[in-house]
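Report on the structure given below.
The values are calculated or read from the model by the stated rules, or taken from the named source; none is laboratory data. Values in this document were obtained by computation on a predicted structure and should not be read as measured data. Virtual Cβ from ideal backbone geometry, glycine too; neighbours counted across all protein chains shown.
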Amino acid sequence: MTQETSPQDQAGVLPVLQSKDETRAYYNKIAKVYDLLAERSEQPMRDAGLKMLAAAPGERVLEIGFGTGHTLATLAQAVGPEGRVLGIDISDSMVAMTRELLDKQDLADRAELQCGDAEHLPYDDGSLDAVVMIFTLELFDTPAIPRVLAECRRVLRSGGRIVVVGISKEGKQGLMIKAFEWTHRHFPNLMDCRPIYIRRALEAAGFHIQDVAIDHMWVPVEIVLATNP
């Protein structure tokens, strides 16, 4: 049974200060320059998360918040022609860019993309082998996180895997994380995400933790693998 994330589970986590409409507009605006802003710092973390997920040929894998599509393309190659990758993202500009990327790499026939909200996933119960979220869960406000993870549990088969990579309140909390949170608090239109407790959120949602790594970009990053009981 899914538990609600208690205040203790996410103690000290800042609220999200933008609406979903504002978030959608922001990512539509920066879609064409997103890779210039974040790709170099995010790629090693993304690669570590994909290694932990270990997508296999023939699997059905969902990415929530796929952005410019690099992870989806890698997943499409991993699942092969018999597999299927599904993606949902709040930004229709990101959806369009990812479709172009998959077309260029001749991977479009393995993918199904939708513009939508992860609090209401449009997939059948127990229909997926794996779910991945990379720098996405921290975009949801704290009360929404258990709803997103409950949806992930619903669509995953028993024993299915989830990998979440995100900016974390775990690890060394130095001046950079304080500056990050200050910017989020005062300029949420520029810094829309904030550090959260990822392992704690997955445990509270009823997942079984299999592996945890704490890495660093310029802020701490949690990379967590868990399974659906």
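A few comments on the model shown:
- Candidate set: the range 94-121, residues that are assigned to a loop (DSSP other than H, G, I, E, B) and in contact with a Lys or Arg (Cβ under 8 Å, 6 or more places away or on another chain); chosen: the one modelled with the lowest pLDDT: 117
- Taken over the range 110-120, the criterion of being closer than 21 Å to residue 78 by Cβ and in contact with a helix residue (DSSP H, G or I) (Cβ under 9 Å, 6 or more places away or on another chain) is satisfied by 110, 111, 113, 114.
- Which numbered condition residue 144 misses (of (1) farther than 28 Å from residue 82 by Cβ; (2) among the small types (Gly, Ala, Ser); (3) touching a Pro at 6+ places or on another chain (Cβ under 9 Å); (4) surrounded by fewer than 20 Cβ atoms within 10 Å (Cβ to Cβ)): (3)
- Residue in the range 3-22 that is closer than 24 Å to residue 227 by Cα, modelled with pLDDT of 95 or more and crowded, with 19+ Cβ neighbours inside 10 Å present: no
- The range 63-93, subset part of a strand (DSSP E or B) and not charged (D, E, K, R), residue surrounded by the fewest Cβ atoms within 10 Å (Cβ to Cβ): 88
- Residue ID - nearest to residue 168 (Cα to Cα), chosen from residues in the range 23-62 that are at pLDDT 95 or above, aliphatic (A, V, I, L, M) and not in a loop (DSSP other than H, G, I, E, B): 48
- Here residue 205 fulfils each of the conditions (1) closer than 24 Å to residue 59 by Cβ; (2) under 15 Å from the mean Cα position of the chain (by Cα) apart from (2).
- Restricted to the range 140-186, and to residues there that are of a type in the set (Phe, Trp, Tyr) and over 17 Å from the mean Cα position of the chain (by Cα), the residue that is modelled with the highest pLDDT is 182.
- Counting only residues that are outside any helix (DSSP H, G or I) and either of a type in the set (A, V, I, L, M, F, W, C) or under 24 Å from residue 13 (Cα atoms) (or both), the range 122-150 holds 10 of them.
- Residue list for the range 200-216, restricted to those being crowded, with 16+ Cβ neighbours inside 10 Å, under 16 Å from residue 138 (Cα atoms) and of a type in the set (A, V, I, L, M, F, W, C): 201, 202, 204, 205
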